[in-house]
Each structure stands twice: as structure tokens, then as C-alpha cells.
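Heads up, the thing below is written out as C-alpha cells.
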2 protein chains.
Amino acid sequence: MAIEAARLSPSLAAAAFLARRPPPALFPFSLRRRLPHLRVLAGSSGGDGRVVALSSSELRKRRGLSSSSGAADPASGGDEKLRSLRRLFSRPDVGIDAYIVPSQDAHQSEFIAECFMRRAYLTGFTGSAGTAVVTKDKAAIWTDGRYFLQAEKELTHEWTLMRSGNHGVPTTSEWLNDVLPSGCRVGIDPFLFSFDAAEELKDSISNKNHELVLVRGMNLVDEIWGDARPKPPKEPTRVHDIKYAGIDVPSKLSFIRSHLAENECDAVVISMLDEVAWLLNMRGSDVPHSPVFYSYLIVEVSTATLFVDSNKVSEDVLEHLEKAGVKLKPYEAIVSEVERLAEKGAKLWLDSSSVNAAIVTAFKSSCDKQMKKKGKAGKKVEKEASSDEPTGVENGTVNAVYNVSPVTLAKSVKNEAEIEGMKNSHLRDAAALAEFWCWLEEEVCKSVPLTEVQVAEKLLEFRKKQDGFIETSFDTISGYGANGAIIHYRPTPEDCSSVGSDNLFLLDSGAQYIDGTTDITRTVHFGEPSPRQKECFTRVLQGHIALDQAVFPERTPGFVLDVLARTSLWKIGLDYRHGTGHGVGAALNVHEGPQSISYRYGNLTALQKGMIVSNEPGYYEDNSFGIRIENLLLIKELNLANSFGGISYLGFERLTFAPIQSKLIDVSLLSPSEINWVNDYHEEVWDKVYPLLSGATRDWLWKNTRPLLDVTH
Amino acid sequence: MAIEAARLSPSLAAAAFLARRPPPALFPFSLRRRLPHLRVLAGSSGGDGRVVALSSSELRKRRGLSSSSGAADPASGGDEKLRSLRRLFSRPDVGIDAYIVPSQDAHQSEFIAECFMRRAYLTGFTGSAGTAVVTKDKAAIWTDGRYFLQAEKELTHEWTLMRSGNHGVPTTSEWLNDVLPSGCRVGIDPFLFSFDAAEELKDSISNKNHELVLVRGMNLVDEIWGDARPKPPKEPTRVHDIKYAGIDVPSKLSFIRSHLAENECDAVVISMLDEVAWLLNMRGSDVPHSPVFYSYLIVEVSTATLFVDSNKVSEDVLEHLEKAGVKLKPYEAIVSEVERLAEKGAKLWLDSSSVNAAIVTAFKSSCDKQMKKKGKAGKKVEKEASSDEPTGVENGTVNAVYNVSPVTLAKSVKNEAEIEGMKNSHLRDAAALAEFWCWLEEEVCKSVPLTEVQVAEKLLEFRKKQDGFIETSFDTISGYGANGAIIHYRPTPEDCSSVGSDNLFLLDSGAQYIDGTTDITRTVHFGEPSPRQKECFTRVLQGHIALDQAVFPERTPGFVLDVLARTSLWKIGLDYRHGTGHGVGAALNVHEGPQSISYRYGNLTALQKGMIVSNEPGYYEDNSFGIRIENLLLIKELNLANSFGGISYLGFERLTFAPIQSKLIDVSLLSPSEINWVNDYHEEVWDKVYPLLSGATRDWLWKNTRPLLDVTH
């Protein structure tokens, strides 16, 4: 699944910042989450524990998010929510002139629980990316090109739509500096901004002498949402079996503690939900698509504390945690615990790119208090750790090391059990996909056309039949014809096309299994593709092959390889506007860092043995068709004839096994080695997947893995 | 000719600095010049105006640089030069504890005049790269791996050799911080450090409370060199004909003035010698290999002043300058002129990465004085211009814009006349090379073997016969067998190999012509290459072809393309430790910025239409052989079937036309399109070069441009 490269690299914004260039994100703040349209809610239907797809419109109706359900009241001459929000501005315990409502939860999650969809509730705009800013007399919302049309439909006239990325459109802080008189107070909920983002915001509005006010103790949107606000998720957590996790929790904690010792720290705060889940070999289902649960974790030298709603923790899980010496505290106790650590004089490791401003500033002010109390007897101020990563943060008098979380890299390098689980789940996923494509090929020929949504639902059915299936790993992108050219297209039942045989059909989908996470895109044509479509498809395929076949020395950052996926397109003046590869978690988030393969140059993370990346070049012809070919790849060490420089050379092993439609390949454009690649890959697909299939599906796989004829020579 | 990528990117060190990583240069300070071994001195022999090659040992004898000619006096129990230098430390007008002697001249030149070879004079070490640091009781010199052996031979026991790049070797400032007691005074000649380099040095030694002392009014090495010091060069300058320059001086000055206006500046100081030469359509011969002359230029809104020894300026040149409204002042008057501008309240554009600390600090202190005089009536302090380039400099109270010189980019983008001159000179160079290779192939078969130096001298003879030849554009790298594996190998008559038919011969050479500058490398075997040599050569060739054939969107920085030249080598675990391409001047320096194609990621300069870059991948097997294949390429806009994003797509046009030895190609490794590339290139070589040849050479060219047989299919 294609993503903006910026989304997963906390270091990117910092690097760009240090280089005095604007960060390459499309968006004013960090872009880590997406509000799903076609939602999959665990356990929301029947007693079978199965999941059910709900359309975004249905969801909106259920949750009161829709603008038609009372958000704006034209009769009363204005937007009641806005009026309520503004009334709160002047409350003595608030006292602000503007309030910023981002899309985030407190953990920088990509997928968030509904109770945290405050921006969607306030504005009525349900797109995944957006930041709302409300002043006493103005209301504006920033979103990017994916959502301009949707936002225009959903927003009332009281909202000004700011089309991010368009020429002349200011950033939120530029706009605030423009519309507010000098010296105003701009409020935020400090839980919803990473400390770095809050600092950046503070800096940029200080140009106009505005003060950033961290409104503590309440979220103003929650105040007006009141009882209608959905309850925080209370889904039970589970133990992620050691046969899939590979390394037990005590070993992982030891590893973190050795990092603490190296950095002379007493404790680290882990706030990314997938990092907590990975470190504790636990999984949950508080949000769609990601098997995570709302929590924080503090690892100290001899203890570890999980901050979580104890109702989510069964006896089994509790026993699992106790064995590893992990105590429980309430989710809300995180701030007071951090303050307690400051009082104890503990030195804290904080990843200020992910830990929210509420936690970091609580620690800072507690440290300050301690300092004042003890005078100069307190521990001396530390400069940041000796890391290559820039932090973008001044330490002041805080007894902390600002550094990327010690879990980030460890989690990205998969162990043997995780690799095994990823391989196994990919084979089952491949079987489901073969059944699906075989079915769809038949179905398209029939007289009643299927919609993009129906097709996605059927794919879900095939996946559900596979062992260990849990849910989709993201909203399925099912785009026929021109819809395929919309990179982040989400069909809705009310507004989607039929899948026919006159154009290309792009299908980007993935699943969460008990043992692994998948993400695959195939583009097919059920009729006769045009020469143009074949040429473009073949160029995309050549890029896919070039990256797949890359060999590179250790310490190579992913962006170095990005060009390999583009050269074939560039040769005829084509390109695509997204990165080529993202990291993927093992039975965890479908998007994870720190590595990426992107044309943006800020992410210097080296690709390492054991990491998983997607390989997904594409081409999108506006209003016409879209093409993407995506496999997941495991990075492995190669045993070559030479090793110049005495270092390792790395390459890729494919995890994804599904036919690439031969009909779309213009073989005359391929070199002999590219033809061999296609034939070898198809042979491998057949060998690995046919044992899982029978009957018509097996025939379909056989037909679709036949060698290309070498027509060039 | 291969260079360290860092050498030509002033922005690189700054970017690396901002990213808090150590700059990737091999060397403590900027590496822009090289002390030649096989020197070519214009007009140093006979009355024919021809140039003559002198070996470095001969040069050393002539100039008293050799350590055997009295640098160290073992009888007196120590190094007299060091003693003399240290005596100066305590003079009241000096008062320092250490003195740093870099290799630079005052203009960051790659090739420098002998009177500025102070580090070589002081230390006896004549390698091109090195920084000497002398304290009251210690003397150390830093150089890189190219020169370890030579330095060991040339240095006396009083000098400690610091092997830069080796594990645990400190930088100069780390060493100073280590060996000096806290609070010492470290002296430099401010003319020999760019302002940025001086600031960086100041910062790094301030850790130990050392003070950086700019020793003005004298260079301490010159003081001890005394009358033996060579006189500054007084070679006459000449007008670079408009038919080669393409754009007249008034137009170029207008262009610079429009940039002054945009940046609200009153004047700019141009200090790079090639920038002065380019801007004024003048050439000189003050240094070997580069047609430049020692000078500074200040362009103001309505005037321009050239600071140069007036003896170098003939009537013709004077008339040329007067027509363009350029006045003359003595070379030494630059500092007082800059002070005068400060007094006038002029706002100055300074490229602090190239303008030396003497000039910048003179301007700063003059501004400070003005400020104090006028109180707050003076012009208000300006922040740096709105440029993407980081400057790494705090502006303080200086009325200046620190930005890359406005000439840098303009010079790198060649106009039609410059392109024409480059093409024409490359054809004549190709003819000389064909004659040379034809001769050498015969010669190697004879019984008396030729040395690497003799071969280089013969090449020079063939080039001299070409119209408009001036001199070599750098020291010829003529390396047989294992010598070819030394990337910056320079043979000397006393210490060089014979060129035989048992191993590879690498020849990297270039010339300055009246209308253009060339730089070409070919690797050949006069006997039977081993399969290993053929495999490596073919991999290098594949990298060369991949880069040559690249198509890329506008705004692509060069480093994005570097990987294309390496993938074929990486596939078998090989690599090379230098960049792939550097900029080349038009009848100017063989190395110029701002663009480069390198595996180092700091240089974000986009490759642009009209720029020239080298394409020179290689492979070097230590103690065995070296391979490099180098052509120069012109960047041009392509007319493709598509232009996704509505932007231009760029590609390369070859300027260099010389056969690539077919014998060394393992055709079975090539794809059909690679075979076509070789055949097309050879056809082009034949078509373009044969009209300039006759007889045996024409036969040689015919034989060496025959198509490869396609043995793969």
C-alpha cells in the first residue's frame, strides 16, 4: 500500500528542519493516521467473533459524525459546535483566542479509535488527514489533495477549506500569524501533539508574539461532544504467542535496559502503540487494522510498568506480564508517574518525535521544580546522547535524553520466528488471493456488474477462510479505471464504480493474521488492454523488477534505491508521486519505520538484514487508469563471490506470491533477464501456492503462472 | 578524472554540519587543491611558448622544497625551519602557542602557485593534501591514504604523521585540544582559510578555551622562507574570445547586478579564480592546469573593480575591461576596499564558504566600527537571504548576506558558444588520443619498455600538435598494473613502472584548449586480459552505460543517479571509493561545482540543462589492477513522448569520443541494449573522429570501433 514517505520517518522532519528546508510532508503536522472509510470493526456483528465491514457513511450515521446529523444547523444561522467551542475559549481555566484540533490520538497512531476522532466530529469532514483551527471568528481546516472534493461536500459554509500543497495556501501557523492580532493565546491539547511538533508550532507562532497554551485537564472538543462521545475502546488484549514473537519479554526488556545503561538513563517512556505491543508480546484490537491497544510503557532499570485499562487485561495476559516483571497502572496515570520519576531524580529517555507534549512538559516542569528545590545539588544537565539522529530539541534543564525510541529499530529487524510467521501468513494470503482472482475473473464476465466495494467485500470473505485471519491491515483500495488513478482511493457503497472489462482494475489490500501482516497490490485487465496501458504497466513492472533484484552494500539508506524503481518510467517521461517502499510490522502495523525507500532524501536509516519493505512502484494517469505492482520483500544478507570493503552486501527475498498479469506485459520492452525474472517468479508462485489450492483455482494459478514467450529474440 | 566528492561542494560541509554529522571529507579542512608532481609550467622552456613537463623531484630541487636540500639539519639536532617558526610565536605582534599551515592559497584553488606552497616548504612533504600544525614542542601533519608512504619518506623525525581516515586518528582541532593546556592561542593566516572553515575551527577549539588568532600582516612561513621564496606568478592574462565565451562581460555583469538587486545587496566579492575569469571573459596562467590568474573582483551596482597585479594586464586586456566598465586596483587592495565599502554602509554579498576569513572579518570589524560610530542610525541588521542553501554563519551585526556566489551556478550552466567550444576541443582531443593509442599499441610490442612517465609525456606531445592546445588540465594518471589501483597515482621518473602487456593500463588525462577543457580515462590491456579483469571491466562498463543512458526529471540532484553506476558492481560484491561525476569548466577548471554525482548525499544541487559532468565509475583491486572508464557528458533537455508533472526530463549527450577496448568486454554479461550502446558509441566515435585522422591511426580507429558480436543470443 502506497504512503507518503514522510509519514513514517520521525527523523525526516527533524532532518529537513535542520537543513532549513520545509519538511516534505503534505501536511502542517505529522501525518501518521488515516480515518478509514470502509471500516472493519472487530466483533461488531454476531457472536462468531468475525469482523464486518462498515462503510464510512454508515459509520458516520452510527456515530453522529455526519454533517447531515446536526453538526451544522442552518436554521439557527450557524454551527452550534463551533459556537460551543468558542464559548469555552473564555472560561477562566482556558483563556485562549484560538484552538487547534488535529487528527491525532495521543500516540501518533495511523489508525485511531472513534472517541479520538475529534476533528471529524467538530468539522463534519471525515477524511483521514486534516487539521482544524478555530479562532473567535474564523474556522479553517487544512487537508491535502486526496480530500478536497470530500471536504467540500462535508464542510459547512462556516469552515474555510485550506487546500494544502496548493500554491499560496498558508500553513496553520502562517494563517494564525495572519488572522490573529499580535500577542494572542493559541490553545492545543498537549496529548495530541508530539513534543517536537508542539515546539515547532510554538516557534512558528512566536513570530507574532503568540503564546502556545497547553490546555490541560480537558479536551475542548470532548467537552462539547459530551455524552454522545463514543467510549474509549475496551477490547481485550491477548498474548502474542512466543512461537510468533520469537523472543520472550524478559529478553526484550534486557535489551532495552542495556540501551538505558549505554545512554546512562534510568527509564524510557514507550508511547507508540506498536512498540508497546512488540515489546510486551501482546496484541489488542482497540483500533481498526492494527492489532494494538491503548497504553504506555515505562521501562526502568529493574521494573517495567504498563499503563493500560486493567479491564483489557485477562488472567492469561496478567500472568504473562507478571512473569516478565511488568506491573500494571491505569492508562491515565502516565503523567503522574513521569512526574514521580522526575521527583526521584531519574534520567528519562524520551523520543520527543513520538512522545506527546503532555508527558514531556510534565516531566520538564517536574524537573524544574526539583531543580529549584535542590538548588545546584540536583543532577547536572545532560546534553543529548551521542546519536547520529538530530533531535531538534533544546534540553534546557531537563534530566532527559531526547533520542529515537530504542524499540524502533529493534522492532523493524525481524527475528527468525517473525520471519517464519510472515512467510507462512503470506502463503495463506496468496491462496486467498488466488481464489479471489479466479472468482473475479469469472464474475466480471457475468451480466450483473459488481461494484468496487462488493469486490473488496468478497476479497475479505476469501481471506476470512484462511487460518489465523484477524482483519484487514488497511482499507482496501479497490479502484476501477479512473478511480485507480486516485492513489488513496476509497470506494463507498454510495459512490463507487462497477468493475468491468474495459479498463484496468487496481487492487491494493492486506490482512492481519495471527502470525503476520500482508500488503499486496495487483493491477489487472479483464478485457483487452490498450497499447498505452501495456507500455505503462511494463515500465512499472521493470521498475519493480529492478528494485527486487537490487544488491547493495550494508549501510545503504533506502532512498538510494528509489531511483531503480523509476528509471524505466523516467525514460519515457513518466513518474509517480509516492514513495516506493515502506516498512511492515510482523503481525503488527502495516506501516512502520524507521526505514523507507523514497525519493525524499531525509531518511538516512540504513536498510538492514531482517527488515521488511514494500516494493510498489506505480503509474497514475489522471481520469484514466492507475497501475501499481506491490510485493513485500525481506532484506537478507547475500553470499557473493566478493565483498569489497570487507562489508556485507544485502538483497531482497520476496514474501508475496501472486501472479502478475501477463496480458499486461509488452514483452518486446523487456530484456532477457527481465523476462527470466517474470518466469522465475511465476514458477515460484506456482510451486509455493498450488499445494494450498484445488480445483478451478489451481487451474487458474497454473494458467496465470505460465512462462512469457520471449518474443524479442 | 576521479575526485573526492566533497572537494567541490561548499554546500556539502555546511549541510553535513547542520545535520550534526561529521563532514564526509577525508581531510580536516576543505580539500580543493592538489600539489602536482608532474608539473607543466607555461613558457618555462625555449621561446616557442610551449610548455614543458617537469617532474616533482626536479621541481623540488629547483625550488628548494626537498627535504634533502636543507629542510632538516640532522647535524644541528633538529629542524631549523621549525625552530625559526617557533621563535616567531613569541614575537609581541604574534603571540601564539600554535600555528596551522594548510595547503590552500587565498582562493580555495585546486592548483596553486609555488609561492603559496607553504606547507610543502615547511614540512618537506610535497603531497597535494596536507595540513601542518606546529606547537611550541610538537609538529604534526595530517594527510590522507594517498600520501602515507610519500609522507613517511619525505618527513623528518620531528614531524608526527597523522594518517587521516585511520581509526583513532584525531582531527587537527581534537589534537590541539589534546596537546595544548587550556586557554592557548592558536594562530592562522586568515587569508588561507575560508570564513566558514575559520569559524568551524574557532568553535571546535573553543571546547578547550583556546582562542583562534588571525595573524594579520604576515604569513609566518613566508617570514622564514625569506628571499628563497618564489615570487608570485606574473604571467600575462589574455582575453577569452567572445566566440568561445558566448556572452559578453557587460551582460554577465548585468546578470550579477540583477542578483544583487534581488538580494538587496550593494556589492559582491568574487574570490574563486575561475569565477573571476569566467565573469570577465579573461584567462591567465598563474597556476598549472587551470587558465586562471590571481585576482579578486568586486561587482557593485554601477561599478566593478578587478584586484590584480597590473603588470599582468596588457593593453588589449585593459581595453576589454574598460569597455565593460571594470576598473583595476592592486591585488593587495582587496581588504582596504572591503573596509571602504563597510564605511560607506554598503551591504555585501559574501560567499563565506569560499571568501577567506581575512576579507570577511575585515568587513565585519569595519561594520562594527561604523555601527558604534553611528549608534543605531546605521542600517539595520539583515538576516541571510531567502536561499535554500544553509550558510552555517551567524550574521551578528554585519551588513552582509552570506550566500553562495551568484557566479557559481551561472558558470556551471554552459551557453551555446561554450558548448560548441567543448564539443570542438573534445574532437581534437579525441584525434590526439587516437594517435597516441595507435602509437602505444605498436610501442608496447617493442623490446625496450616505456615507463608510465614516458607514456604520459608522449601523450602530451600528441596533444600539443592539436590546434589551441594550452596545457594539461591535471597531472596525467598513468598507472600500469597495481599502480592503476591507486586512485590518485602519480608516476615520477624515479619511481614508476614500465607499461607492458601483462596487465591493465589505466590512463586518466585531460587538456586545456583555447575553446574547452577535456578529461578522459580509458583502461586497456595490450596482451591477454584474465577472465577476472574482463568481468570487472564489463561491470564498470555497465555502470558507465547505465549512467550515460539515464533520463531524469528536472530538479534531480546528482547523487540520486550515482547508484546507477554502481548496481552492476554491487551485484557481485564490488564497489569503488570515489564519486562518479564532477562538473567541468568550459576552457576553465577541470573540476568545478556546484553539481556532482556522488554516493555522498549532502550536495542537493539539481543537475541542470547545460551543465557538464564526468561519468567515471571504476574498480580497483589492491596490488593488482585498476579500471576506470570516463567520458564527459553534457546535460540536455529531452523531447519525450510524455512529460509527467508538466516538467522537463533531462538526459546526457556525450562529449568524449574514444574507443572502449572491446577485448576487455565479456559480451556474455551484456544485455542486448548494452551491446547496442557500445556499438552505437563506437559508430559515433568513428563518424566524428575519422575525418581528423589519416593513415595508420585511421586504420587503428576503424579496427577499434567495429561492432561487438552479440554472443548472448
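The values are calculated or read from the model by the stated rules, or taken from the named source; none is laboratory data. Just so we're clear, the structure is a prediction, and the values are computed from it rather than from any experiment. Neighbour counts run over all protein chains shown; Cβ positions are idealised from the backbone, glycine included. Surface accessibility is based on the protein's heavy atoms, side chains included, excluding ligands, DNA and RNA. Shrake-Rupley method; radii C 1.70, N 1.55, O 1.52, S 1.80 Å.
Looking across segment B:570-580, the residues that are open to solvent by 10 Å² or more (accessible area, probe 1.4 Å) and in contact with a strand residue (DSSP E or B) (Cβ under 8 Å, 6 or more places away or on another chain) come down to B:Trp570, B:Asp575, B:Arg577. The set of residues from segment A:670-696 being open to solvent by less than 30 Å² (accessible area, probe 1.4 Å) and either under 33 Å from the mean Cα position of the chain (by Cα) or closer than 18 Å to A:Pro531 by Cα (or both) comprises A:Leu670, A:Trp677, A:Val678, A:Tyr681, A:His682, A:Val685, A:Val689, A:Leu693.
Looking at (1) in contact with a His (Cβ under 9 Å, 6 or more places away or on another chain); (2) not in a strand (DSSP E or B), can you tell me which one A:Asn631 breaks? Answer for A:Asn631: the failing condition is (2).
Quick one: count up the residues across segment B:259-272 that are open to solvent by less than 10 Å² (accessible area, probe 1.4 Å) and either assigned by the TED database to the domain that holds B:Gln104 or assigned to a helix (DSSP H, G or I) (or both).
Kept after step one, since they are open to solvent by less than 10 Å² (accessible area, probe 1.4 Å), are these residues of segment B:259-272: B:260, B:265, B:267-271.
Still in the list and also either assigned by the TED database to the domain that holds B:Gln104 or assigned to a helix (DSSP H, G or I) (or both): B:260.
Result for segment B:259-272: 1.
Within segment A:554-564, restricting attention to residues that are outside any loop (DSSP other than H, G, I, E, B) and open to solvent by 10 Å² or more (accessible area, probe 1.4 Å), which residue is nearest to the other protein chains (Cβ to nearest Cβ)? In this case the residue turns out to be A:Val560. The test for being at pLDDT 95 or above and on the phi > 0 side of the Ramachandran plot holds for A:Gly325.
Among the residues making up segment B:581-609, those that are open to solvent by less than 10 Å² (accessible area, probe 1.4 Å) and either charged (D, E, K, R) or within 14 Å of another protein chain (Cβ to nearest Cβ) (or both) are B:Glu592, B:Ile597, B:Ser598, B:Asn603, B:Leu607.
Could you please let me know if A:Ile647 is touching a residue at least 60 places away in the same chain (Cβ under 8 Å), β-branched (Val, Ile, Thr) and farther than 21 Å from A:Asp519 by Cβ?
yes
Being under 25 Å from A:His591 (Cα atoms), surrounded by 17 or more Cβ atoms within 10 Å (Cβ to Cβ) and more than 14 Å from chain B (Cβ to nearest Cβ) is a condition met by at least one residue of segment A:659-669. Cβ separations smaller than 8 Å between residues 6+ apart or across chains give the following pairs from segment A:480-499 residues that are of a type in the set (Lys, Arg) and modelled with pLDDT under 90 to residues that are assigned to a strand (DSSP E or B) and open to solvent by less than 20 Å² (accessible area, probe 1.4 Å): A:Arg490/A:Ile477.
Residue-level check: of (1) within 14 Å of chain B (Cβ to nearest Cβ); (2) open to solvent by 40 Å² or more (accessible area, probe 1.4 Å); (3) assigned to a helix (DSSP H, G or I), A:Leu640 misses just (3). Listed here are the strands (runs of 3 or more DSSP E) enclosed by segment B:441-546 that have at least 1 residues being open to solvent by 40 Å² or more (accessible area, probe 1.4 Å) and farther than 21 Å from B:Ile660 by Cβ: B:469-472.
Look through B:Ala658, B:Ala586 and report the one residue that is farther than 24 Å from B:Thr567 by Cβ, outside any helix (DSSP H, G or I), touching a Gly at 6+ places or on another chain (Cβ under 9 Å) and of a type in the set (Gly, Ala, Ser). Spell out the reasoning first.
Numbers: B:Ala658 fails: touching a Gly at 6+ places or on another chain (Cβ under 9 Å).
The match here is B:Ala586.
Residues that are within 23 Å of B:Gly527 (Cα to Cα) and out of contact with any strand residue (DSSP E or B) (no Cβ under 7 Å at 6 or more places or on another chain) within segment B:661-674 comprise B:Ser662, B:Ile665, B:Asp666, B:Val667, B:Ser668, B:Leu669, B:Leu670, listed in sequence order.
Taking the stated definitions as given, is B:Gly626 in contact with a Gly (Cβ under 6 Å, 6 or more places away or on another chain), outside any loop (DSSP other than H, G, I, E, B) and among the small types (Gly, Ala, Ser)?
yes
As a summary of the residue check, B:Thr567 satisfies the conditions (1) facing chain A (nearest Cβ under 8 Å); (2) crowded, with 24+ Cβ neighbours inside 10 Å; (3) not hydrophobic (A, V, I, L, M, F, W, C) except for the one numbered (2).
Can you tell me which residue in segment B:570-580 is nearest to the chain's Cα centre (by Cα), limited to those that are within 7 Å of another protein chain (Cβ to nearest Cβ) and in a loop (DSSP other than H, G, I, E, B)? Give the steps one after another, and end with the answer.
Residues of segment B:570-580 that are within 7 Å of another protein chain (Cβ to nearest Cβ), as a first pass: B:570-575.
Among the residues that remain, those that are also in a loop (DSSP other than H, G, I, E, B) are: B:571-575.
Working: B:Lys571: 32, B:Ile572: 32, B:Gly573: 30, B:Leu574: 27, B:Asp575: 23 Å.
Residue satisfying both the conditions and the ranking: B:Asp575.
The residue list A:Leu155, A:Leu201, A:Leu176, A:Leu220 contains one member that is touching a Lys or Arg at 6+ places or on another chain (Cβ under 8 Å) and either in contact (Cβ under 8 Å) with a residue 24 or more places away in the chain or not aliphatic (A, V, I, L, M) (or both), which is A:Leu176. Residues in segment B:118-167 that are among the hydrophobic types (A, V, I, L, M, F, W, C) and open to solvent by 10 Å² or more (accessible area, probe 1.4 Å) were compared, and the one that is farthest from the chain's Cα centre (by Cα) is B:Trp159. Total residues in segment A:352-374 satisfying the condition of being outside any helix (DSSP H, G or I) and open to solvent by less than 10 Å² (accessible area, probe 1.4 Å): the figure is 4.
Residue-by-condition table, conditions (1) assigned to a strand (DSSP E or B); (2) within 25 Å of B:Leu149 (Cα to Cα); (3) modelled with pLDDT under 95:
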site: B:Leu85; (1), (2), (3): no, no, no
site: B:Ile96; (1), (2), (3): no, no, no
site: B:Ala106; (1), (2), (3): no, no, no
site: B:Ile112; (1), (2), (3): no, yes, no
site: B:Gly127; (1), (2), (3): no, yes, yes
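With respect to (1) in contact (Cβ under 8 Å) with a residue 24 or more places away in the chain; (2) open to solvent by 40 Å² or more (accessible area, probe 1.4 Å); (3) away from chain A (no Cβ under 13 Å), the lone exception for B:Asp622 is condition (3). Evaluation of B:Ile629 against the conditions (1) more than 14 Å from B:Thr521 (Cβ to Cβ); (2) modelled with pLDDT of 95 or more; (3) of a type outside the set (Ser, Thr, Tyr) shows that the sole unmet condition is (1). Taking residues in segment A:100-118 that are acidic (Asp, Glu), and partners anywhere that are outside any loop (DSSP other than H, G, I, E, B), the pairs with Cβ atoms closer than 7 Å and at least 6 places apart or on different chains are A:Asp105/A:Phe116; A:Glu114/A:Arg63.
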